[in-house]
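Novice: Questions regarding the structure given below will be posed in turn.
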């Protein structure tokens with residue numbers, strides 16, 4: 001699955017329902033699936049003949065998946081609570097907001113105003129730190145390990 005397919009699914013899949021326990025559970029399950037995917041990808045980097053190439057592929061899938069997961073959550077929250085953000089958000093707005101939070105740019109044109117929206121944004125910020133710090137560092141270490149292991153083969 002590449003970025004184009006992932007973004008197409010984000011725009012094409014029906015995102016209905018409100019901001020309820022099911023939506024929260026889906027976010028948690030999505031984050032657990034993201035974690036499982038990241039672990040599987042690290043293992044494949046370690047075993048790859050070309051670990052650096054595999055690492056780029058892994059990050060090219062993991063990060064867009066992470067972003068579309070949060071964008072979907074923000075979109076659902078905005079639909080359920082029109083006052084959750086400083087302005088109503090369509091899917092593009094939700095993706096834009098997700099990327100600005102991820103990039104720590106925070107333009108300020110869209111901001112969470114409801115407690116639920118602020119909690120989700122805070123969870124994303126904490127998860128961003130993990131993705132940027134832990135995942136990227138772990139992928140880098142896996143590449144180094146894979147290259148050392150490959151270099152020691154006859």
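Here, each number is a calculation from the coordinates, and none is a lab measurement. Values in this document were obtained by computation on a predicted structure and should not be read as measured data. Using ideal geometry, Cβ is built from the backbone for each residue, glycine included, and neighbour counts are taken over all protein chains shown.
Novice: Hey, what angle do you get for helix 115-129 against the long axis of the chain, alpha-carbon based, 0 to 90 degrees rounded to 10?
Specialist: 10
Novice: Now for a different question. Most fluctuating residue of 54, 16, 91 in a GNM of the chain with Cα springs under 10 Å: which is it?
Specialist: Maximum among the listed residues: 16.
Novice: Still on this structure: How many angstrom lie between the C-alpha centres of region 1-41 and region 105-131?
Specialist: Distance between centres, Cα-based: 17 Å.
Novice: While we're on this one: Quick check on packing: order 74-85, 134-145 by the mean number of other C-beta atoms within 10 Å, highest mean leading.
Specialist: Values: 74-85: 19.9, 134-145: 16.0.
Answer by packing, highest mean first, reads 74-85, 134-145.
Novice: With axes computed from alpha carbons, what is the tilt in degrees of helix 91-102 against the longest principal axis of the chain, rounded to the nearest 10 within 0 to 90?
Specialist: Tilt relative to the chain: about 60 degrees.
Novice: Among (1) 56, 38, 23; (2) 63, 28, 25; (3) 46, 33, 25, which is the computed Cα extents along the principal axes in Å?
Specialist: Checked against the structure: label (2).
Novice: Another question about this same structure. Against the longest alpha carbon principal axis of the chain, how many degrees, from 0 to 90 and to the nearest 10, is the axis of helix 21-47 turned?
Specialist: Between the helix axis and the principal axis of the chain, the angle is about 10 degrees.
Novice: OK, next. Report, in deg cm²/dmol and to the nearest 500, the calculated mean residue ellipticity at 222 nm for the chain, where each DSSP H run with n ≥ 4 adds -39500 (n - 2.57) and the sum is divided by the residue count.
Specialist: -24500 deg cm²/dmol, from helical runs alone.
Novice: Tell me, in nm to one decimal, what length is gained between residue 59 and residue 138 on full extension, where the rule is 0.36 nm per residue of separation less the Cα-Cα distance?
Specialist: 27.3 nm
Novice: Could you sort 96-103, 65-72 so that the peptide with the highest average Cβ count within 10 Å comes first and the rest follow in order?
Specialist: 65-72, 96-103
Novice: To continue, here is another question. Between residue 148 and residue 4, what length in nm is gained on full extension when 0.36 nm per residue of separation is reduced by their alpha carbon distance?
Specialist: That works out to 48.5 nm of additional length.
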